[in-house]
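The values are calculated or read from the model by the stated rules, or taken from the named source; none is laboratory data. Bear in mind the structure is a predicted one, so any value in this text is a computation, not a measurement. Every residue, glycine as well, gets a Cβ built from its backbone with ideal geometry; the counts of neighbours run over all protein chains shown.
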Amino acid sequence: MSLWNKLKDLVEGVDADASRAGNLQEEELRLSAGALLVTAGTIDGNFDADEKRKVKALLQTRFALEPKEVRQLFEGSEVRERDAVDLYRFTSVLCRQLDQDGRKRIVEMLWEVVMADGVVDEFESNLVWRVAELIGVSTRDRVILRKKAEERVPV
């Protein structure tokens, strides 16, 4: 094998590895976001049909998924959420992979989920506050995002 072919194979291997790593990062981002949304739906002890529909719709829109992909992501997110011992596992991924606008969108999505059943209780509100703090979304922005979500999902 010539030196040129060896170099070409090496570069192609690096490109393939980078592509696989990118796919794994995207999957981890999706699962982390999904698990936080599931947490928002379950934290009050009642994950009702409206909240589940809202989580699925947000995941589908945010990640441009087909219905089958949404189901798989939702199921995987439920498993991740059940197995989690804290929020850091998810928020650290969001901090690594999202810019400030992406992080704000996550907080807005959380508000939409907690408002889906028409009631925002103290556990839900506290969860959004904790996630916002962990991913670096300011109190001011969190309040603004809540108001935006309220306009779409009246409580």
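Here residue 152 fulfils each of the conditions (1) closer than 15 Å to residue 32 by Cα; (2) surrounded by fewer than 14 Cβ atoms within 10 Å (Cβ to Cβ) apart from (1). In this entry, residue 40 is excluded by the filter for residues that are surrounded by 15 or more Cβ atoms within 10 Å (Cβ to Cβ) and at pLDDT below 95. For residue 119, state whether it is out of contact with any Cys (no Cβ under 7 Å at 6 or more places or on another chain), at pLDDT below 95 and within 17 Å of residue 59 (Cα to Cα). No; evaluated as a whole, the condition is false for this residue. If we scan segment 59-76, do we find a residue that is crowded, with 19+ Cβ neighbours inside 10 Å, within 16 Å of residue 128 (Cα to Cα) and out of contact with any strand residue (DSSP E or B) (no Cβ under 7 Å at 6 or more places or on another chain)? No: zero hits.
Looking across segment 44-81, the residues that are of a type in the set (D, E, K, R) and in contact (Cβ under 8 Å) with a residue 24 or more places away in the chain come down to 44, 48, 50, 51, 53, 54, 62, 78, 80, 81. Of all residues in segment 82-91, those satisfying the criterion of being in contact (Cβ under 8 Å) with a residue 12 or more places away in the chain and over 11 Å from the mean Cα position of the chain (by Cα) are 84, 87, 88, 89.
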